[in-house]
Each structure stands twice: as structure tokens, then as C-alpha cells.
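Visitor: Structure in C-alpha cells, see below.
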């Protein structure tokens, strides 16, 4: 009986599947990243996922199979280390596995190992910390340079789905190969000189050593030069060539489940390997109704149980045929949705060409980094296919990408207690129990936290991703019920920069609620009188700041600007309608409910979302005067109001007219004046005579 979270036993089998050849677009997917306004981290994730590498494809003859027999193909990014190859490893699913173990004493061992490996996932097999396992196949490969015989092993840390499904093992310069060699007592030969004081496996570059034979000598060469020379040699001898490889695999586009788009093809019974598309008049192909969603038992999906639906005819001949029983994955609909947003009711085409040219590419896509190597990569591939067949006119779907940060749960405060439950002072932690401490019992001290009742007790703080299992999920309905939807919305944008990871703090919602309440109370002192210059300057500064920061998605600083305007208006006896009306519009995307109420109370009908966004008066953004500090010998002694064009002489006259400055400069020779217009005035002088 399996537990709730236990995985049932499974076995991997080769199956015919629908694949999309995304690998044909690998270079374009890489090259076009440079044209996108995306975060560098996301672009780097896609580059690493595509995994373009330059190396060599090598052909190892298998000893005893004959000159015309199939060679064991190996791809390596380090052809310079070929002299360090001491054995080969093939994946358990490698197509030559039976030939390599046929007739040998190891045949049964190999078959047993291959069966065991088929019950493991790729993740389990490639876990770096797992103990290396493997079986000798009984066969040997011929080294293409030295002619030496290298044992061929089968091991599950090599995957049949990556590269050629076989590797040349260089244990001196690869960690996994080293661990395998250690486990099975295989030779280790260093061929690249380590830097001094380097211990363990060295995978870097350097001068070559132990790398010569009668045919070729690369000892003493730089490893890059050595690699090029070895590639030239194996190419000349017909046992290898330079090759570009990709980690990216073709995209498995089939699922053995009921829910999903059915493939609109049939397979004639007299030609079951030919897929015949159904006529466009029969599209869309609709899933049959059924109550049986269980697998068929034959390896096919649940649709195989729907015999009346599966049995059909070849549209070309009318002869018996069967429908495809696989369905498409969720990606079939999620890779091009943005196109239908533009033209959702078009029944004749995916999208109208004129609408596509007007709207695309998408100007801004906001999405988390977790989509980097799945949805965002697949959508780019899909879009490029549509571009190639003339459906869209742009090479890329999303011109600009912004990835929002995660909001973590509230901070947990932890302390250590002894067996009696008493708090433990100092740094001792071993053998102690950890308990949570209420935030109200914690005080910040320097860079850390302490127990308020006993500052000798150190408190640690941590925050985790919100999850039900941790019990730290914040229910938005509860927050809305207590503070209102505007407060929640505003706080989420005020927490910090959009792209940063942030920690939830309920007190922060309270602060936003108080700001909205203060703003709401401004309506109680509205007047039709025109605002004074100070009020107009404050308003236009706010308009300019909120407009700029909103466009740049710096929502937290836009909110700060609105808070400053509210504070300025709170100090006024009356607040002009000419200030509150544009202010309500600035609030609209941040606190829409309050914004609409303000708009209505100011005498307007209809939604303010239909009103043009306010534009700042540039003439009111230029300050006529600024207050700058006056220092004497580096110490602040006063302030003066000057224009940005005020000369040094005029600034000095204004400063020396102040008693607070005069008493430190009167009767002495001023040695130096440091004046930065609009910033600071510093007077250097000996102490004033008393």
C-alpha cells in the first residue's frame, strides 16, 4: 500500500511520440535574445537551457565487431583531453547495448542493470550526490589516437536523451568520471597541468602533458591549441570532426491522458505508420464524451478506450483507419494566446493581418522567472514558426519583459531553549530546542534581534515562500475585509521595487490604510478657490514624479510621491479642487475605489478612468530658489535661500549677513571658499577672535 506522497513503481519504455523540432530553431532562439529588452538573468537562463557548445564528435571502433560494424559515437566539449580518456560509458538505453554485451559473461548483469535503470527517473539518475553504479559490458573500444583498448561500461549517470548517449570518460578532469573511476578502480591519467596548490579534480585549462603517441604529439601546447590540433587529426583520419551541440532537446508534444487537444490525424489500418491529416472542414476535432479516464492498459491514453471515436475512415480512400489517441499538452494553447487577445472572434484566421501588424510585438510582458525556460522559450519558438509561414510579421512575441519578485511570508523569530523551556543566552545552539517567538517580544539591536525581556538572548529571523504546508499563507480576503481592497493593492506595490523579493508585513498594510484615510479626509476641506503657488508646485512635482515612476514600473516611489502631496495638503487650511481632481486621477491605478469616490464627491459623473491622465506644467517644475547649507570649517552653521544662478560673491554676502555664520567668521581672514551652486557653501577660516 502506497503512502499519500509515495510514487507508484514505474518503468520507462520506448514509445512513438509526437515531437516538435525546436532544435532547428536553436541558433535563432539564441541570436535573437540580444534584440530583446529582457532581464539579463532570464536571457542567461535561456542561453544555458539551449546550451550551445563547440566540441568534437568522435567515433570509437568496438574491438571484435569488425571494421564495418557500427562505431560508438561520442560528443565531447574537451577534445584536448582525449589522451586522458581511460574508459567509455554508455547509457542503459543506448541502442548498441545488446551488441556490446552479446555473448559475454556480463550479458545477464547488463540486462539486470538496464532493467533497474528503467525504473529510475532522469532526475534520480543524474543526482550529483548519489553513489555511482555501473556494469562492465564485456566490450572494449579502440582509442582513435593510441589504439589502446578502453573498457566500455554501462552506467545510469549517462542519459540516452542527451548527446549521443555515450561518453568518453576522463576521470582526471571530470568530477563524475572521477567518482566512477574511484568506485570501480579504473585508471586516472592527468593530461592538463594543474595550477599550483590546486587539489582534486581539475577541469580548467592549461599546458598539456601525457598527450603524445606515434601519430600525434600535443605535449606542452596550450589546451585550446591542443584541442584544435586533435580535431584536425581525427577529421583527417575519418574518426571525428568538429561539431556544435545543444543541450536543448526536441519538444515532446504528446500526452497519454484524456484532457488536451486531440491530434487531427488518422492512421490507415493498411498503412499504420502514415499519419493522414483530417480535412479542415472537420476542425476542430472534439474529444469524445466518456466516464472512463483511466489508461487503456496498452500504453495508450484513455482515448483508446473510446472505440467508437477511435475507429474512423481514411479521408482520402474511405478505408478503415484509427485516430491518434495521444493528446496535446497544455502548451498547445498557452504559446499563442496573446495573438487571440488581439482578435478573439475571428473564425476565418488565427489573427487578422492588419491587427497583428498594429499590435505586435507585445510591448510589455510581466511574468515570473519560473517561466524563463518553459513558456517564454516555447512561445518564442512558436512565434518564429508562425513568422516563417507568414502568419505574423515580427520575429519575437514579447519585446520587453519584467519579472516580478516573490512575496515571502511574514518573518518568523526563533530562539533556543533548554530542556526546561528556559531561553538560552549567547551563541550555544547544539542540543537545544528551537521555538518561535512572537514579534511583539523581539527588539532589533544593531544588525540582529534580541529578546526584549532579556537582550542577552539572541533571536534569529527568517522568511519563507508562502505555502499551505508552512502555514504562512496570507488570505487576501481577510486583508480586504479588515483594510479594504485599495489598502492591499497599494501595499503590494509599495513594499519595494517590483523586481525584488519582499517580505510580507501586515503593519505595512496598516500604514497604507492610514495614508488612504488621510487622503480621503482632504475632501472635507475642498474649496473652489484657486491654489497658491506652493500648492501648484507641489501638485505638478507629484504629477511629474508619479508619471515617470509609473511608466518605469517603480510603483513604490510613485506612491511615495503621492504620500508627500497628501502630507502637504494636510497642512493646508483648505485644499483647492484644482489640486484634488488631478490627484484623484494619479491615484486611479493605485487605489481605484478611493479614486472613483473622490471623483464623484468632487462633482463628476461617470468613471475617471475615461479621463485623460494629468500632465505636469513644466514651468512649475523649475525651482526659483533653493535652500543650501552654509558650513564653516566643515560644520553646519546656517542655511541661505539662493537661486541656481547665484554667484559665489552674492552667496557669501547672504551667508555673512546671518548672525549664526558671522560669529564664526567675523574679524578673521577667510582662507578658502568652496561653493557648489544649488548645493553647498563651505567657508574655511581660522577660529574667530573672542
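Visitor: Residue under question is residue 487, and the condition is that it be assigned to a helix (DSSP H, G or I) and either assigned by TED's automatic domain parsing to the domain that holds residue 592 or closer than 30 Å to residue 583 by Cβ (or both); does it hold?
Guide: Yes: the conditions hold for residue 487.
Visitor: Conditions: (1) within 30 Å of residue 568 (Cβ to Cβ); (2) out of contact with any strand residue (DSSP E or B) (no Cβ under 9 Å at 6 or more places or on another chain); (3) surrounded by 12 or more Cβ atoms within 10 Å (Cβ to Cβ); (4) at pLDDT below 95. Residue 507 meets all but one. Number of the miss?
Guide: Unmet condition: (3).
Visitor: Sticking with this structure for a sec: If a residue must be under 39 Å from the mean Cα position of the chain (by Cα), outside any loop (DSSP other than H, G, I, E, B) and in contact (Cβ under 8 Å) with a residue 40 or more places away in the chain, how many such residues does the range 269-305 contain?
Guide: 2
Visitor: In the range 34-42, is there at least one residue being outside any helix (DSSP H, G or I) and modelled with pLDDT under 95? Walk me through it before giving the result.
Guide: If we filter the range 34-42 for residues that are outside any helix (DSSP H, G or I), which is where we start, we get 36-39.
Filter once more, so that each one left must be modelled with pLDDT under 95: 39.
Yes, because at least one residue in the range 34-42 is outside any helix (DSSP H, G or I) and modelled with pLDDT under 95.
Visitor: Any residue at all in the range 93-103 that is in contact with a helix residue (DSSP H, G or I) (Cβ under 9 Å, 6 or more places away or on another chain), in a strand (DSSP E or B) and within 30 Å of residue 119 (Cα to Cα)?
Guide: For the range 93-103, residues in contact with a helix residue (DSSP H, G or I) (Cβ under 9 Å, 6 or more places away or on another chain), in a strand (DSSP E or B) and within 30 Å of residue 119 (Cα to Cα): absent.
Visitor: Moving to a separate point now. Do you know which residues across the range 112-134 are surrounded by fewer than 16 Cβ atoms within 10 Å (Cβ to Cβ) and not in a loop (DSSP other than H, G, I, E, B)?
Guide: Listed by number, the residues that qualify are 112, 115, 116, 122, 123, 124.
Visitor: For residue 269, which of the numbered conditions (1) out of contact with any helix residue (DSSP H, G or I) (no Cβ under 8 Å at 6 or more places or on another chain); (2) modelled with pLDDT under 95 fails to hold?
Guide: (2)
Visitor: Sort out which residues of the range 514-540 are under 17 Å from residue 571 (Cα atoms) and surrounded by 18 or more Cβ atoms within 10 Å (Cβ to Cβ), and write them in order of number.
Guide: Within the range 514-540, 515, 516, 519, 522, 526, 531, 535, 537, 538, 539 qualify.
Visitor: While we're looking at this one, here's another question. Which numbered condition in (1) buried (at least 18 other Cβ atoms within 10 Å of the Cβ); (2) over 30 Å from residue 192 (Cα atoms); (3) in contact with a strand residue (DSSP E or B) (Cβ under 7 Å, 6 or more places away or on another chain) is the only one that residue 93 fails?
Guide: (3)
Visitor: I'm checking my understanding of the structure. Among residues of the range 317-338 that are in contact with a helix residue (DSSP H, G or I) (Cβ under 7 Å, 6 or more places away or on another chain) and in a helix (DSSP H, G or I), which one is surrounded by the fewest Cβ atoms within 10 Å (Cβ to Cβ)?
Guide: Ranking the qualifying residues of the range 317-338, first place goes to 334.
Visitor: I would also like to ask the following. If we keep just the residues of the range 135-158 that are out of contact with any strand residue (DSSP E or B) (no Cβ under 8 Å at 6 or more places or on another chain) and within 18 Å of residue 58 (Cα to Cα), which is surrounded by the fewest Cβ atoms within 10 Å (Cβ to Cβ)?
Guide: Once the filter is applied, the top-ranked residue is 147.
Visitor: Related question: Given the criterion surrounded by fewer than 12 Cβ atoms within 10 Å (Cβ to Cβ) and in contact with a strand residue (DSSP E or B) (Cβ under 8 Å, 6 or more places away or on another chain), identify the matching residue among 649, 659, 627.
Guide: 627
Visitor: So, in the range 209-237, exactly how many residues are at positive phi and without any contact (Cβ under 8 Å) to a residue 24 or more places away in the chain?
Guide: 1
The values are calculated or read from the model by the stated rules, or taken from the named source; none is laboratory data. Everything numeric in this text was worked out from a predicted model, so none of it was measured. No Cβ is skipped: glycine too gets one built from the backbone with ideal geometry, and neighbour counts run over all protein chains shown.
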